[in-house]
Structures are given as C-alpha cells and as structure tokens.
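The values are calculated or read from the model by the stated rules, or taken from the named source; none is laboratory data. Remember, it's a predicted structure, so these values are computed and weren't measured experimentally. Positions of Cβ are backbone-derived with ideal geometry, glycine not excepted, and every protein chain shown enters the neighbour counts.
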Amino acid sequence: YKKSGELLERAKKVLAGGVSSEFRKYNYPHALFYTHGKGSRVYDADGNEYLDFTLSQGPLILGHSHPHVLNCVNEYSENGQLFAGQHLREIELAEKISQLIPSAELMRFCLDGSEAVHTAFRIARAKTGRQKFLRFEGHYHGWLDNVCWGLSAKSPEDLGSRESPNVFPWTQGLPQGSRDEFIVLPWNDLQLLKETLAKHHDEIAAIITEPVMCNNGCIVPNKGFLQGLRKLCDQYGITLILDEVITGFRLSLGGAQQHFGITPDLSIFAKAIASGYPLSVIAGKREWLNLLEDGTVIQAGTMNSSNATVAAALATIEVLEKEKPYDRMFNLGQKLMNGLKQIAFEANQNLLIQGPGPMFHTGFTNLEAVKDYRDTLSYDKAKLGRFIAGMHDEGVRIIGRGLWYISAAHTAKDVEQAINTARIVLKNI
Ligand code: PMP
C-alpha cells in the first residue's frame, strides 16, 4: 500500500485528516485510496484488485460504473443541461418514485440523507406543534446536531439514564440544548415504547426509525413491531418517519415499507437511489409535505435535484425495474451468509451473522450469551478489525463495522470467492 501511504501524506497537507470523511484504519498503517471500479470490483492506488462488498457505503446497488447510469449522466452534461431544479427530468423522477412508493404522495429532492432527515424533523414539528423526537438505540440518522446525542431510557420514568450502544464520542461543538431533543429507546421493544408514549406522547413530534437496524449489526424488526409503531403513532398523533437511507431501493423497489407492509407519514431515501450521485428524497403524505408547498416550512439548497443526479437516479431505477435483481440479491446474500456460517463453525469461530440478505452483518461475539439484540452489539472490535483487514489483504472489501452490501453486479462466483477467502482468514485471526 505504498502509493496509498504517499497519497495520504500529500492529502494531509490540504484535507483535514487526509480524507473527506471520518475513516478508521482497521489495522492498516494508513488510510487507503482507490482509483476506479467496474462491476463488483474496485482497484486501489497501488493497482490491487478487490471484490467489493462496501459499494461505496451502500449507494452502488448496480455495482461500479454501470454503463447505463454513466451514459445518462454524460448525455445531460454534453447537452449543456447541467443546472439544478426546474427541469423535465425532476418531474419524471418524482412521478416514478410516487408510482413505486404509495406513501410518497409529494416529495422534495436534496443532497444527502442527513439533510433529508433534518427536513423531516422540521416538517414534523410544524405539523404537530411539539418539540421532541423519539428514536432507537443503535440507529443512525446522519451527523447533524441533535441526532448525535443519545443516552437511552431504562424506563418511562428514567429517560437518558443509560449508555446506548451508539453514543457518539464527538459531541464537542453541538448545541447543548439539542441534547434534550430526543428520547432514545431500545429497538424492538414494543412494551417499553407503549409505556413511554403513554407518559410522554404530548411532547413528541415524531418517531424516527430505520426499518432494519443497519448501523449497528443488521437486525430486522420483530414481527409486528413496525405495525405496532404505526398504530401508536396514529393513536397519539405522532409523525412516523421511516429512515430508508439504506433500505430504500435495496430491499425492493418499494423500499422496506413495501417489504414489511407499513405506511409511514414521511420517508427518507438516499444511497441506492442514484448510484452514488448526491441525491436524497424527503417524501411523504400530502398532509405533511403540503407544509413545504405553502411555505410554512423552509427547505432549500442551490444544488438540489441537479440534472446530472436526477439523470443518475432515473437511470438506476430504470435498470432496477428492467432487471428486477431483488430475488437474486436476496439469494446471493443468503448463500453468502450460509457459507460464512458454515466455515465459521468449522473454524470454531464465534461469528454472529445477521441480516435480511441484500445487506447483512458479521461480528464476533459469544454466541451462547446472546439473548437480545443488545448482546449482539458487544462485538469483539479488535477481532473484527483483524477479520476486515485480513479479508482486505486477500482482496475482499467489507465495511469496517462488519456490514456487507450485495449489488446487482455480484455473481455466484463472487460469493464463492468471498467464502473461500473468509475460510483462509478465519483460520489466522
Ligand atoms: N440514515 C441512515 C439510516 C444512514 O445509514 C445514513 C448514512 N449512513 C444517514 C441517515 C445519513 O445519510 P448521509 O450520509 O447521506 O448524510
């Protein structure tokens, strides 16, 4: 990784920390730099090839450099149509999303998931006249002020009293008042949710949830949990926000809401929708989104729905509709999970593997001690680091916290390669 090392030294002189976002080293001497990708493969600055399951943190659902996406984006650029908003394709994209996702009656486009979450909070506050939000332990909803805090509740009487699994260490610079904007509850615990809402419902503007908890492990909702959540929100006039930044266009064309049969008031889509181009969506029922239409709530942004990003999203959806890769992605993911389970068993490794298939998580933990999801979050981080680094050295990339994403470009051969690689790595960590 010599060239990557040199690039980092050069980058550090002009980029804070050497890269444009937070990174962790996972046993490497330095951050690595990548030059290009094609299909399921990506290449680093030293010319090494990798089988890629990171998909650039999720967006590359069609794999790297999908020709249809690139052609559509180029066509717009070459025709001098590089401007933001107020163009035909923006209407086409909104029509398409609305047709695929019934709860998306109206929408606005923005640049990333964090920003769309922020807009949803603002709409929910304006709609309900209430100030607080409720979210779940282990979930991630971006990096903007208020969502970074989070000590979680032990009981409805004892809010903020225990360390939640995803308390961020970076709280310097956040407005102090934003600490109290959230009630944080354990995921999948409908009873505690009921009790908490019975006591606090008139303070809460919205409940936000990832439909599958993907940012700490990869844990699907208990049967009836999302439906129970919907019912409680209806009962107390609370806005239900589904954060589909990861699940949208990944579990199905209708998102997790179609997959699990639940209708949110507001939804956020980002990542997979535009194959890596910066586009996110805040969508929802007319009654909520009308607040943007009539100017009650402000949402803006110079770069929103630029023609190139909208072209990328339309092209991505076109391919997804034509190829219908979802059954294949579920099957490949399942095969990979099964294969990993088998070799971990053979290697006598406590590898916990969880997830629906198109994305899943691997973590080392004492399998016998796992009773609820909280136990599954106490991974052996050092060992996970060695596993990720070992896989990388053998040519397979996985997201550092143990998350794997399957793309439409992955094949049965790729799955086989990943399993064979893990077989070697698991013997030596
Ligand atoms: N919500 C979820 C569920 C996410 O996973 C992420 C990013 N990983 C975000 C919100 C924030 O999105 P972005 O990074 O595009 O701002």
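List of remarks:
- Output for segment 33-46, where each listed residue is assigned to a loop (DSSP other than H, G, I, E, B) and without any contact (Cβ under 8 Å) to a residue 40 or more places away in the chain: Phe33
- Within segment 299-310, the residues that satisfy the criterion of being out of contact with any helix residue (DSSP H, G or I) (no Cβ under 6 Å at 6 or more places or on another chain) and either touching a residue at least 40 places away in the same chain (Cβ under 8 Å) or buried (at least 21 other Cβ atoms within 10 Å of the Cβ) (or both) are Gly301, Thr302, Met303, Asn304, Ser306.
- The strands (runs of 3 or more DSSP E) found wholly in segment 164-270 and carrying at least 1 residues that are away from the ligand (no atom under 16 Å from the Cβ) and more than 22 Å from the chain's Cα centre (by Cα) occupy 204-209.
Results for (1) under 29 Å from Gly261 (Cα atoms); (2) within 16 Å of the ligand (Cβ to nearest atom), shown as yes or no for each residue.
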{"residue": "Glu49", "(1), (2)": "no, no"}
{"residue": "Leu60", "(1), (2)": "yes, yes"}
{"residue": "His66", "(1), (2)": "no, no"}
{"residue": "Glu95", "(1), (2)": "yes, no"}
{"residue": "Gln99", "(1), (2)": "yes, no"}
{"residue": "Arg108", "(1), (2)": "yes, yes"}
{"residue": "Arg130", "(1), (2)": "yes, no"}
{"residue": "Arg135", "(1), (2)": "yes, yes"}
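- Filtering segment 409-424 to residues that are surrounded by fewer than 21 Cβ atoms within 10 Å (Cβ to Cβ), in a helix (DSSP H, G or I) and not basic (Lys, Arg) leaves Ala412, Glu416, Gln417, Ile419, Asn420, Thr421, Ile424.
- Taking residues in segment 145-166 that are among the aromatic types (Phe, Trp, Tyr), and partners anywhere that are surrounded by fewer than 21 Cβ atoms within 10 Å (Cβ to Cβ), the pairs with Cβ atoms closer than 6 Å and at least 6 places apart or on different chains are Trp149/Arg179.
- Residue match in segment 368-389 (condition: under 26 Å from Ala274 (Cα atoms) and touching a helix residue (DSSP H, G or I) at 6+ places or on another chain (Cβ under 8 Å)): no
- Among the candidates Ile388, Ile399, Ile406, residue that is in the same structural domain as Leu32 (by TED's automatic domain parsing), surrounded by fewer than 19 Cβ atoms within 10 Å (Cβ to Cβ) and within 27 Å of Gly248 (Cβ to Cβ): Ile399
- Segment 271-306, residues that are within 19 Å of the chain's Cα centre (by Cα) and part of a loop (DSSP other than H, G, I, E, B): Ser275, Gly276, Tyr277, Pro278, Leu279
- Residue match in segment 142-153 (condition: more than 16 Å from the ligand (Cβ to nearest atom), assigned to a loop (DSSP other than H, G, I, E, B) and surrounded by 15 or more Cβ atoms within 10 Å (Cβ to Cβ)): yes
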